[in-house]
Amino acid sequence: MKDKRTEIKQELENTAPFLAGLKEKDKEGFVTPPAYFHNLPDRVLDRLQQPAQPVKQSPRAGSTIITWLGYLFRTPYAVRLATLLLLLAGGLYLLLPSTPSDTEVLFGELSPEEAGNYVSDNLHQFEEELVLEIAREYPDLSVLPAPPRETKETDAYYDELLEGLEEESLKDIL
Amino acid sequence: MIAGEDTAEYGFRCLMEKYQERLYRHIRRLVLEHEDANDVLQNCFIKAFRGIGGFKQQSQLFTWLYRIATNESITFLKKKRRRQAAALDEGNLRIAEQLRADPYFNGEEIQRHLQEALHRLPDKQRIVFNLRYFEELSYREMSKLLDTSVGALKASYHHAVKKIECYFHEMEIR
């Protein structure tokens, strides 16, 4: 059976030749004070004979939290924390379904006819300009009042109408 | 002997004398500074003494002690890293510079760099590397100590070796 040291050295030579060479020196550099090991058993036995030390009070929760917060808010960690929070917020914004507007909720499931009926029933609630604009854009929608005719036609119509009226009747109307 | 009331102290002293140097080296490689290693080793022996009743002789005594030492070291390192992160002081000090100022480190520049490279590894990879490279354990022995499969240990060791070699290459240390 191969000597353990030789086996370890061969193992190192294949993967880490520098470490293999360093092992040859066989030195670590750790030293102890003089007579350290001679006195150690006495020191340990002395400690064993002493009455048990009172239980060390653990640091208060508050100070632990402050320590951890101090640790978290050190510049490199704070930057990482902020980046993480931003990513989380962005991810939530993208992942969560967007909330539909009130109008989308109200009309989302209505057919065009139902919508038209609703508008005609509640016409007084809509602004006049908006209604006229829609009427111009969608002339086929019957629910809306007819758009005003061209000015000349309108004038001629009213002229004819006025001519047909008796003076007395006109005074009554006004 | 440790279980007996009259012989417990003597038995425990024998146990410490037998394993203290090996455990100290293991802990020191993980925590680096002598004072830290001293604290962790004493705590490890005290826990072992108080918990000896729970020791099941399915594993060797050293394996059991070794596990306590590893857990204590890792717990210590985690606490230390948290303190350093909160205090913003020594945390940024490079291991190589820290060791240069350590009166209990007499290694050469290359050993300081090796420790620097080692401390950039994840804890588990560092432990595996230490056991194989410095303590020259077989994968089977390591498997018992760390309760990990031989395959996983080989992979961890390989990754650790490659990373350390890469560190030396980047630092242009040849």
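The values are calculated or read from the model by the stated rules, or taken from the named source; none is laboratory data. Treat the numbers as computed from the prediction; the structure is a model and nothing was measured. Quick reminder, even Gly has a Cβ in these numbers, built from the backbone with ideal geometry, and neighbours come from all protein chains shown. For the accessible areas, the whole protein counts, side chains as well, though only heavy atoms, and no ligand, DNA or RNA atoms are used. Shrake-Rupley method; radii C 1.70, N 1.55, O 1.52, S 1.80 Å.
Brief remarks follow.
- Its alpha carbons give the range B:36-78 an Rg and a Dmax of 10.4, 31 Å.
- Cα radius of gyration and Dmax for the range B:1-85 (Å): 13.6, 47
- Global form of the range B:121-174, assessed from the alpha-carbon gyration tensor, a/c cut-off 1.5: prolate
- Partner shielding of B:80-86 amounts to 2, given as the average count of beta-carbon atoms from other chains within 10 Å of each residue beta-carbon.
- Of all lysines in the structure, those lying under 26 Å Cα to Cα from A:K152, and not within fewer than 8 positions of it along the same chain, are A:K171.
- Within straight-line cross-link reach of B:K78, aspartates and glutamates at Cα separation under 12 Å, skipping those fewer than 8 residues along the same chain: B:D123
- Across chain B, the longest run free of exposed loop sites, meaning GluC sites (Glu not before Pro) lying outside DSSP classes H, G, I, E and B with no more than 12 other Cβ atoms within 10 Å, spans B:6-107.
- Size of chain B as Cα extents on the principal axes (Å, biggest first): 58, 38, 30
- In degrees, nearest ten, helix B:150-170 long axis to first principal axis of chain B (Cα): 30 degrees
- The alpha-carbon of B:K144 sits under 15 angstrom from the alpha-carbons of these aspartates and glutamates, leaving out residues fewer than 8 places away in its chain: B:E135, B:E136.
- For chymotrypsin sites (Phe, Trp or Tyr not before Pro), no site in the range B:105-172 is both called loop by DSSP and has at most 14 other Cβ atoms within 10 Å.
- 28 Å Cα-Cα threshold exceeded, pairs from A:K27/B:K124; A:K25/B:K154; B:K18/B:K47; A:K9/B:K124; A:K23/B:K79; B:K47/B:K124: A:K23/B:K79
- Size of the B/A contact, given as accessible area buried on both chains, probe 1.4 Å, in Å²: 4200 Å²
- In chain B, taking the dipole from charged Cβ atoms about the Cα centre, the farthest positive-side position among B:H26, B:A152, B:T75 is held by B:A152.
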